[in-house]
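The values are calculated or read from the model by the stated rules, or taken from the named source; none is laboratory data. Owing to the predicted nature of the structure, the values given are computational and were not obtained by experimental measurement. Note: ideal-geometry Cβ built from the backbone for every residue, glycine included; neighbour counts use all protein chains shown.
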Amino acid sequence: MRVFLQLMWYFKQEKWRYLGGIFMLALVSLGLLVPPKIVGRIVDHMKQGTLTEELLWHYGGILIIIALGIYILRYIWRIFIFGAAVKLAMILRNRLYTHFTKKSQEFYHKRRVGDLMAHSTNDLQAIQQTAGDGVLTLVDSLMMGGMTLVAMATTISWKLTLVSLIPLPVMAWATNKYGTMLHKRFHSAQEAFSALNDKVQESISGTRVIKAFGQEKDDLNHFSDLSNDAVKKNMAVARIDSLFDPTISLIIGFSFFLAVSYGSRLVVQNELTIGELVSFTSYLGLLIWPMLAFGWLFNIVERGRASYDRVEALLAVKEEIDDQGSIDFSPKGDLVYQIDKFCYTDQTPVLTNIQFSLKRGQTLGIVGKTGSGKTTLCRVLLREFNLKESEILIDGTDICEYRLDKLRESIGYVPQDHFLFSATISENIAFAKIDSPFSKIKEAAELASIHQDITQFKHGYETVVGERGVTLSGGQKQRISIARAILPEPEILILDDSLSAVDAKTEEIILQNLKKKRQNKTTIITSHRLSSISHCDLIIVLESGSIIQSGTHQTLLSEKGWYKETYERQALESLIAQGGIHS
Ligand SMILES: Nc1ncnc2c1ncn2[C@@H]1O[C@H](COP(=O)(O)OP(=O)(O)OP(=O)(O)O)[C@@H](O)[C@H]1O
């Protein structure tokens, strides 16, 4: 029942709804006590031969009024209690979503998407059930059960009530034992569901790779294994779950047996009328629901607790990036990198001794072997990771002193693994500035050299991309991502290997456009193709996270080293690709 304490903050917040609902439940329970009493009286009247038509109408009238009252009250309490439960799920869903939006890339790197989705669906549903059905079963079983017992003991016979309750301790023991077993099993069932969710998500996203490698069968087998595991764990839950009802029915059956045998004795001894015995057994019948509800309560509560623990653990994950900056405007100006050492999670440095500066409006080219640290050098500027003091400065101010949103507002980043949303091309381009006029969207598309392609589509800028729409080529996606980044005219534009899927001619056009348009703005380009960065004001060559060469294209060509070798090799490759060398 700990979950009710955990949810106390919400019960307090919605106390009127819950108190109102509970009050109505109490009225319903009271109302339900009346019919057995009336039936008992009618039986006694019949036995004594005093039952008149008028009396029958009188009792019938009371029964109808009670039935109607219960009907209305049940409707209202449902709205109160279940309505509050739905609202709780909404609050938690919003919290989780807000939490997700604040999390860093590392958070998503470490977690499985399917797992996060399971938290937002299955777990929240279980918590909603606890705040709705859980409260109902708890209150109803205690109130309905308690009132019925009091009615039995005070209005009929306390001796008979005590005798009928002899089997109850067995029920308390059994439900407690089942509850403990359920908790563990629910946890692993929810974990299995998360794993299954993750598998489905990954397989659907990666379906092209799966098919390309002919791995459908293996994928299906893997899915079946996870699915079987989820079934097995849910069956384990169901096996305990299924024990509740038969156990309770058995115990109530035994109670009935005791009530009828001992009750008949009391009737024979004239301590009880037949009508009272009939009322008593009807009351016992009324106890079936509270007892079953008590059994379900364990089930609901244990499921809710397991889910609430999981959601709380997720919400407790701290922000990795401390956004303590106080400067409330977006930075503009000269850029200075002075990083001694940067490591991801382990102690192996990924960047070492990175020292360079860039004037506002200049273009920086970053090249180097794969894995040399180019992307990392860009991402540290976005503050995706915590930096030490003064490792990167803009206009002489540590980037950590800017508010994170303000810093990021001034940077347009086109990542290597670009992503387009299932929305129209125009919405994708205007993603960072959704209210941009069409002229701006078109201008960005023209700069990114994608306008022509877009006009070829039947619906032009209104073409839906992604799962629900047209399939774009890699180069088209890249250029739409570039248009998206340049539309807000960011102070710093980072193209992280973003021209890899376009041909050399288109690349040149895009670079020329950017040069013209972004005269006073800084641009950073990482690339494997040296032609992409040859125009840059500063080029740095990275190897194993360190700068091994730096300068302009001309100075780097004039010295021996990686840049010259790579440039000459790529020039030769390009010549061969264009038709070879003619002697
Ligand atoms: N999130 C991360 N956590 C831990 N290590 C990482 C992470 N991202 C990158 N690395 C490691 O940092 C090193 C540099 O990676 P980075 O992506 O910066 O190189 P790169 O030069 O951009 O490579 P490429 O040219 O292939 O894109 C690599 O050894 C990589 O494994």
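Observations on the structure shown:
- Test result for Gln125, assigned to a helix (DSSP H, G or I) and either over 29 Å from Leu168 (Cβ atoms) or outside the structural domain of Leu165 (by TED's automatic domain parsing) (or both): yes
- Residue check, Gly31 touching a residue at least 12 places away in the same chain (Cβ under 8 Å) and within 22 Å of Thr137 (Cβ to Cβ): yes
- Within the stretch 479-494, considering residues that are of a type in the set (A, V, I, L, M) and touching a Ser or Thr at 6+ places or on another chain (Cβ under 7 Å), the one nearest to Pro437 (Cα to Cα): Leu487
- Residue in the stretch 387-396 that is farthest from the ligand (Cβ to nearest atom), counting only those that are in a loop (DSSP other than H, G, I, E, B) and not small (Gly, Ala, Ser): Asp395
- Subset of the stretch 177-214 [among the acidic types (Asp, Glu) and crowded, with 19+ Cβ neighbours inside 10 Å]: Asp198
- Inside the stretch 361-386, residues that are hydrophobic (A, V, I, L, M, F, W, C), within 10 Å of the ligand (Cβ to nearest atom) and part of a helix (DSSP H, G or I) make up a count of 3.
- Given (1) hydroxyl-bearing (Ser, Thr, Tyr); (2) buried (at least 17 other Cβ atoms within 10 Å of the Cβ); (3) under 28 Å from Gln570 (Cβ atoms), number of the condition Thr370 does not satisfy: (2)
- Inter-residue pairs, beta-carbon under 7 Å, first outside the structural domain of Leu381 (by TED's automatic domain parsing) and in the stretch 87-116, second surrounded by 13 or more Cβ atoms within 10 Å (Cβ to Cβ) and aromatic (Phe, Trp, Tyr), 6+ apart: Leu88/Tyr10; Leu116/Phe100
- Residue under evaluation Ile547, criteria (1) more than 30 Å from Ser426 (Cα to Cα); (2) assigned to a helix (DSSP H, G or I); (3) at pLDDT 90 or above, criterion not met: (2)
- Flag not set for Asp346, criterion: more than 8 Å from the ligand (Cβ to nearest atom) and of a type in the set (Asp, Glu).
- Inter-residue pairs, beta-carbon under 8 Å, first buried (at least 23 other Cβ atoms within 10 Å of the Cβ) and in the stretch 123-150, second among the aliphatic types (A, V, I, L, M) and not in a helix (DSSP H, G or I), 6+ apart: Ile127/Leu7; Thr130/Leu7; Ala131/Leu7
- Thr154 more than 16 Å from the ligand (Cβ to nearest atom) and without any contact (Cβ under 8 Å) to a residue 24 or more places away in the chain: yes
- Boolean, Ser357 is surrounded by fewer than 18 Cβ atoms within 10 Å (Cβ to Cβ) and of a type in the set (Gly, Ala, Ser): yes
- First in the stretch 519-539 and in the same structural domain as Gly368 (by TED's automatic domain parsing), second anywhere and within 13 Å of the ligand (Cβ to nearest atom) and basic (Lys, Arg), Cβ under 6 Å, 6 or more apart: Thr526/Lys374
- The stretch 321-345, subset under 15 Å from Asn386 (Cβ atoms) and in a loop (DSSP other than H, G, I, E, B), residue nearest to the chain's Cα centre (by Cα): Ile321
- Condition check for Ser372: modelled with pLDDT under 90 and either outside the structural domain of Leu556 (by TED's automatic domain parsing) or farther than 16 Å from Glu320 by Cβ (or both): no
- Residue check for Arg17: under 43 Å from the mean Cα position of the chain (by Cα) and either surrounded by fewer than 12 Cβ atoms within 10 Å (Cβ to Cβ) or in a helix (DSSP H, G or I) (or both): yes
- Any hit, the stretch 30-43, residues being of a type in the set (A, V, I, L, M, F, W, C), in a helix (DSSP H, G or I) and more than 22 Å from Pro290 (Cβ to Cβ): yes
- Meets criteria (under 28 Å from Phe223 (Cβ atoms), more than 22 Å from the chain's Cα centre (by Cα) and without any contact (Cβ under 8 Å) to a residue 24 or more places away in the chain) for Lys184: yes
- Counting only helices (runs of 4 or more DSSP H) that sit completely within the stretch 424-509, those holding 2 or more residues that are among the hydrophobic types (A, V, I, L, M, F, W, C) and either within 22 Å of Ser205 (Cα to Cα) or modelled with pLDDT of 90 or more (or both) correspond to 425-429, 438-447, 474-486.
- Among the candidates Leu297, Leu284, residue that is more than 30 Å from His187 (Cβ to Cβ) and buried (at least 18 other Cβ atoms within 10 Å of the Cβ): Leu284
- Count of the stretch 537-558 residues which are at positive phi and either more than 14 Å from the ligand (Cβ to nearest atom) or surrounded by 15 or more Cβ atoms within 10 Å (Cβ to Cβ) (or both): 2
- Evaluating Tyr563 against the criteria (1) more than 47 Å from the chain's Cα centre (by Cα); (2) in a helix (DSSP H, G or I) leaves one unmet condition, (1).
- Qualifying position, being surrounded by 21 or more Cβ atoms within 10 Å (Cβ to Cβ) and under 24 Å from Gly146 (Cα atoms), among Gly253, Gly263: Gly263
- Applying the condition of being touching a helix residue (DSSP H, G or I) at 6+ places or on another chain (Cβ under 7 Å) and under 22 Å from Ala432 (Cβ atoms) to the stretch 515-536 and asking which residue is farthest from the ligand (Cβ to nearest atom) yields Lys517.
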